[in-house]
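Throughout, read-outs are computed from the coordinates displayed, never taken from laboratory work. As the structure is a computational prediction, the values presented were derived from the model and not from experiment. Positions of Cβ are backbone-derived with ideal geometry, glycine not excepted, and every protein chain shown enters the neighbour counts.
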Amino acid sequence: DAGVTQSPTHLIKTRGQQVTLRCSPKSGHDTVSWYQQALGQGPQFIFQYYEEEERQRGNFPDRFSGHQFPNYSSELNVNALLLGDSALYLCASSLGDRGLENSPLHFGNGTRLTVT
Amino acid sequence: AQSVTQLGSHVSVSEGALVLLRCNYSSSVPPYLFWYVQYPNQGLQLLLKYTSAATLVKGINGFEAEFKKSETSFHLTKPSAHMSDAAEYFCATMGGFKTIFGAGTRLFVKA
């Protein structure tokens, strides 16, 4: 049973560049959530995709955008990178119609983004 | 708005000692609460969840947590710490479709 997979595992970018991170959900899951985890902090919610639509968004600027494909995989795009965007980006999947109380998040191992 | 507060960013215990990680919640309605664990260079893994069925919740790896409405708490415990328990632990709750995490408590286990 394949878990959540994320690629790449590490990435180094320069300020002002754009980056795309990818996520494949756990087999059977249809909902993907993205989180940003800065060093020494808890994960912060960026947004959630369900049925190829952004269902809920956290307090992140429009530079952060995403997409969900018909096979439920997802991409996170960040434009005009800032030094402060350096973090671990976590993807998590769940069943969108079950509620988190019945279908808690399953996480991938993350993509470590460093902006120089 | 729902939120959780974890008391203590670092906790150190000796191997075999009791583990107690503290979490308080803020919610205007009965909350759903979770504990997750994060090992180095990995994502988060669900330890246990509270969904109002029972106030004492048992999870994986010998951990359990007790929901106390009078104290608005959901502390995580384990009777005897193992070296393998060294990790970051996150208390979490729900807000709409999102999971809201605390700042985390790093558990150190001394031999």
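Quick rundown of the values:
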quantity	calculated
First in segment A:93-113 and free of Cβ contacts under 8 Å to residues at least 12 places away in the same chain and at the interface with chain B (Cβ under 8 Å from one of its Cβ atoms), second anywhere and assigned to a loop (DSSP other than H, G, I, E, B) and buried (at least 20 other Cβ atoms within 10 Å of the Cβ), Cβ under 6 Å, 6 or more apart	A:GLU101/B:TYR32
From B:THR5, B:THR55, B:THR77, B:THR72, residue being closer than 19 Å to A:LEU100 by Cα and either surrounded by 21 or more Cβ atoms within 10 Å (Cβ to Cβ) or not charged (D, E, K, R) (or both)	B:THR55
Any strands (runs of 3 or more DSSP E) falling wholly within segment A:30-85 and containing at least 2 residues that are among the hydroxyl-bearing types (Ser, Thr, Tyr) and within 9 Å of another protein chain (Cβ to nearest Cβ)	A:31-37
All positions within segment A:10-25 that are in a loop (DSSP other than H, G, I, E, B) and surrounded by fewer than 21 Cβ atoms within 10 Å (Cβ to Cβ)	A:THR14, A:ARG15, A:GLY16, A:GLN17, A:GLN18
Any hit, segment A:84-92, residues being touching a residue at least 60 places away in the same chain (Cβ under 8 Å), under 18 Å from B:PHE34 (Cα atoms) and either small (Gly, Ala, Ser) or in contact with a helix residue (DSSP H, G or I) (Cβ under 6 Å, 6 or more places away or on another chain) (or both)	yes
Residue in segment A:69-90 that is over 21 Å from B:PHE101 (Cα atoms), in contact with a Pro (Cβ under 8 Å, 6 or more places away or on another chain) and surrounded by 22 or more Cβ atoms within 10 Å (Cβ to Cβ) present	yes
Index of the failed condition, B:VAL19 passing every other in (1) surrounded by 14 or more Cβ atoms within 10 Å (Cβ to Cβ); (2) out of contact with any Ser or Thr (no Cβ under 9 Å at 6 or more places or on another chain)	(2)
Strands (runs of 3 or more DSSP E) wholly inside chain B containing at least 2 residues that are more than 12 Å from every other protein chain (Cβ to nearest Cβ) and over 24 Å from A:TYR35 (Cα atoms)	B:10-14, B:19-26, B:56-58, B:64-68, B:73-78, B:105-110
